[in-house]
Ligand code: KG4
Ligand code: ZN
């Protein structure tokens, strides 16, 4: 049996996991740095890199122990090679290279976006091709996933990513960081979200691109004009829900176009809509996308919420997919802060 050890250090989670060739997650450990960054209202790259350096070795040891394995049982070591914050990437890549050199194991540099994109194959055994909505803090894209390393981009954001918009709205409403889950939680207590009329970005426009900065600005104006400096809890709940609804309606509108264009171009071989990335943890978005998929004869595939945000099981799995195809990277691999999916080898 093949077992791949994966390491994730591209942002503010230090994580290690082991997955097997038959899609079993033997161990999956995620150490969140949220508390270290919270006082600053966002991720501080220098703090993130130092924290990865202090914790990664212990996390890898804990991971092997949880799986009941030693490095002798591992077939390959995978680490996020990009995109992400360079300090953290260097820590993860160097640790993986050191382990692979010491044990004579293949080293695989994984693209973080590809790991999100392939997660549904680990959790739901989804077959290629499929339509993918990749929504995270740094990315917002619609793609057709044709195979490992084979991505056709249908659309991307012209400005902010949707997760970034959630984070900024949370900050404006003094909800804290990271914003997505906090906006979702506040929105659950909404009574009259309809009293805040917000624009639905890109709605009705052709194509599959996104834009969220106008919506963010509209929320900012509502706060300044209607709510003031110290908004009431109910106002925050209602505006959070209004924002979440507008952002979701925009995602739905873009996905509808993507479904239509993928049906036309692939003559119905694409019939699954997969969601991935941190924002895919949002229950309201999942529900609305499920309705859209069903209306169009598609199946919505959403990985468990625990595997939507950053984790190392997805890195180990993407590494395993590449390992099975006979791919590996050299010791000269340099981490890539920017690494678009279309530039996969
Ligand atoms: O994939 P991820 O963990 O990290 C990146 O690669 O960016 O995504 C993090 C993003 C953050 O912007 C966070 O606010 C957002 O995902 N997010 C959510 C939810 N949970 C996380 N956004 C909306 N609703 C959520 N429940
Ligand atoms: Zn991510």
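Quick notes on this one:
- Screening residue 243 with (1) over 22 Å from residue 88 (Cβ atoms); (2) in contact with a helix residue (DSSP H, G or I) (Cβ under 9 Å, 6 or more places away or on another chain); (3) surrounded by fewer than 24 Cβ atoms within 10 Å (Cβ to Cβ) gives one miss only, at (3).
- Residue 52 being outside any strand (DSSP E or B) and in contact with a strand residue (DSSP E or B) (Cβ under 6 Å, 6 or more places away or on another chain): yes
- Among the residues listed as 36, 24, 57, the single one being under 16 Å from residue 317 (Cβ atoms), without any contact (Cβ under 8 Å) to a residue 40 or more places away in the chain and away from ligand 1 (no atom under 14 Å from the Cβ): 24
- Qualifying positions in the range 121-135 - surrounded by 24 or more Cβ atoms within 10 Å (Cβ to Cβ), closer than 25 Å to residue 79 by Cβ and more than 10 Å from ligand 1 (Cβ to nearest atom): 132
- Filter result (free of Cβ contacts under 8 Å to residues at least 12 places away in the same chain and either closer than 20 Å to residue 149 by Cα or buried (at least 22 other Cβ atoms within 10 Å of the Cβ) (or both)) within the range 286-329: 326
- The residues in the range 1-15 that are away from ligand 1 (no atom under 16 Å from the Cβ) and in contact (Cβ under 8 Å) with a residue 60 or more places away in the chain can be counted, and the count is 4.
- Of all residues in the range 79-113, those being buried (at least 24 other Cβ atoms within 10 Å of the Cβ), within 13 Å of ligand 2 (Cβ to nearest atom) and under 23 Å from residue 325 (Cα atoms) number 5.
- The residues of the range 136-156 that are buried (at least 20 other Cβ atoms within 10 Å of the Cβ) and either within 25 Å of residue 268 (Cβ to Cβ) or more than 15 Å from ligand 1 (Cβ to nearest atom) (or both), listed by number, are 141, 142, 143, 144, 145, 151, 154, 155.
- Only a single criterion out of (1) touching a residue at least 60 places away in the same chain (Cβ under 8 Å); (2) away from ligand 2 (no atom under 15 Å from the Cβ); (3) under 22 Å from residue 230 (Cβ atoms) is not satisfied by residue 189, namely (1).
- Sub-8 Å Cβ pairs linking a first residue in the range 103-121 that is without any contact (Cβ under 8 Å) to a residue 60 or more places away in the chain to a second residue that is in a helix (DSSP H, G or I) and more than 16 Å from ligand 2 (Cβ to nearest atom), at least 6 apart or interchain, are 103/71; 103/72; 105/71; 105/99, ordered by first then second residue.
Rundown of residues vs (1) under 25 Å from residue 297 (Cα atoms); (2) modelled with pLDDT of 95 or more; (3) within 16 Å of ligand 2 (Cβ to nearest atom); (4) not in a helix (DSSP H, G or I), yes/no style:
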| residue | (1), (2), (3), (4) |
| --- | --- |
| 132 | yes, yes, yes, yes |
| 141 | yes, yes, yes, yes |
| 155 | yes, yes, no, yes |
| 159 | no, yes, no, yes |
| 181 | no, yes, yes, no |
| 198 | no, yes, no, yes |
| 220 | no, yes, no, no |
| 229 | no, no, no, yes |
| 236 | no, yes, no, no |
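Condition check ((1) farther than 27 Å from residue 211 by Cα; (2) within 15 Å of ligand 2 (Cβ to nearest atom); (3) in contact with a strand residue (DSSP E or B) (Cβ under 9 Å, 6 or more places away or on another chain)) across all residues:
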| position | (1), (2), (3) |
| --- | --- |
| 233 | yes, no, no |
| 252 | no, no, no |
| 317 | yes, yes, yes |
| 323 | yes, no, yes |
| 328 | yes, no, yes |
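- The range 12-29, residues that are within 16 Å of ligand 2 (Cβ to nearest atom) and surrounded by fewer than 24 Cβ atoms within 10 Å (Cβ to Cβ): 13, 28
The values are calculated or read from the model by the stated rules, or taken from the named source; none is laboratory data. All values derive from a computational prediction rather than experimental measurement. We place every Cβ from the backbone using ideal geometry, glycine too, and count neighbours over all the protein chains shown.
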